[in-house]
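J.: One structure coming up, written as structure tokens, with questions to follow.
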Amino acid sequence: MKKYKITADMEKCMAPKKCDLKCIKTCPLKVLAYYPIETLREDSPVVIMATFPFSCNGCMLCVEVCEPKAISVQAPK
Ligand code: SF4
Ligand code: SF4
């Protein structure tokens, strides 16, 4: 089975201070998840990951809502 390649550039990502995880909240198929880097800090930087890449349908909603253009979704080859 082919799957979309989803990557998040954490150098560009503004979560959690300036973005309330819009990509994760927007994804209709719950493909994305986040992990705090410093688990004990409430305002810890996060890592955005595609936990269920096989579920992605390429709708690009996550790309559209991400203001700093940190998310990239590439179609299967
Ligand atoms: S929408 Fe963009 S800035 Fe916001 S959490 Fe997702 S990757 Fe980060
Ligand atoms: S392209 Fe659509 S289905 Fe795939 S991760 Fe982004 S919002 Fe979810």
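Just so you know, all these numbers are worked out from the coordinates, no wet-lab data involved. Just so it is clear, the model here is predicted, and its values are computed rather than measured. As a convention, Cβ positions derive from the backbone with ideal geometry for all residues, glycine included, and neighbour counts pool all protein chains shown.
J.: Filter the range 1-53 down to the residues that are free of Cβ contacts under 8 Å to residues at least 40 places away in the same chain and in contact with an Asp or Glu (Cβ under 9 Å, 6 or more places away or on another chain) and list them by number.
T.: Within the range 1-53, PRO16, LYS17, LYS18, THR26, PRO36, SER44, PRO45 qualify.
J.: Let me ask another. For the range 66-75, name all the residues that are surrounded by 15 or more Cβ atoms within 10 Å (Cβ to Cβ) and either more than 12 Å from the chain's Cα centre (by Cα) or in a loop (DSSP other than H, G, I, E, B) (or both).
T.: Answer for the range 66-75, where residues must be surrounded by 15 or more Cβ atoms within 10 Å (Cβ to Cβ) and either more than 12 Å from the chain's Cα centre (by Cα) or in a loop (DSSP other than H, G, I, E, B) (or both): CYS66, ALA70.
J.: Have a look at LYS18, LYS2 and point out the one that is away from ligand 1 (no atom under 15 Å from the Cβ) and not aromatic (Phe, Trp, Tyr).
T.: Among LYS18, LYS2, only LYS2 is away from ligand 1 (no atom under 15 Å from the Cβ) and not aromatic (Phe, Trp, Tyr).
J.: Given the condition more than 10 Å from ligand 2 (Cβ to nearest atom) and of a type in the set (D, E, K, R), answer yes or no: does some residue in the range 43-61 qualify?
T.: Scanning the range 43-61 turns up at least one residue that is more than 10 Å from ligand 2 (Cβ to nearest atom) and of a type in the set (D, E, K, R).
J.: Something else now. Failed condition for VAL63, given (1) part of a strand (DSSP E or B); (2) closer than 15 Å to LEU21 by Cβ, with all others met?
T.: Here VAL63 clears every test but (1).
J.: If you don't mind, there's one more thing I want to ask. Looking at GLU42, is it out of contact with any Cys (no Cβ under 7 Å at 6 or more places or on another chain), in a loop (DSSP other than H, G, I, E, B) and of a type outside the set (Ser, Thr, Tyr)?
T.: When the stated conditions are applied, GLU42 passes them.
J.: Select from the range 45-60 the residues that are more than 13 Å from ligand 1 (Cβ to nearest atom) and part of a loop (DSSP other than H, G, I, E, B) and write down the one among them that is surrounded by the fewest Cβ atoms within 10 Å (Cβ to Cβ).
T.: Restricting to residues being more than 13 Å from ligand 1 (Cβ to nearest atom) and part of a loop (DSSP other than H, G, I, E, B), the top hit is ASN57.
J.: Let me ask something else about it. All but one of (1) farther than 21 Å from LYS77 by Cα; (2) outside any strand (DSSP E or B); (3) away from ligand 2 (no atom under 11 Å from the Cβ) hold for LYS30; which doesn't?
T.: All conditions are met except number (3).
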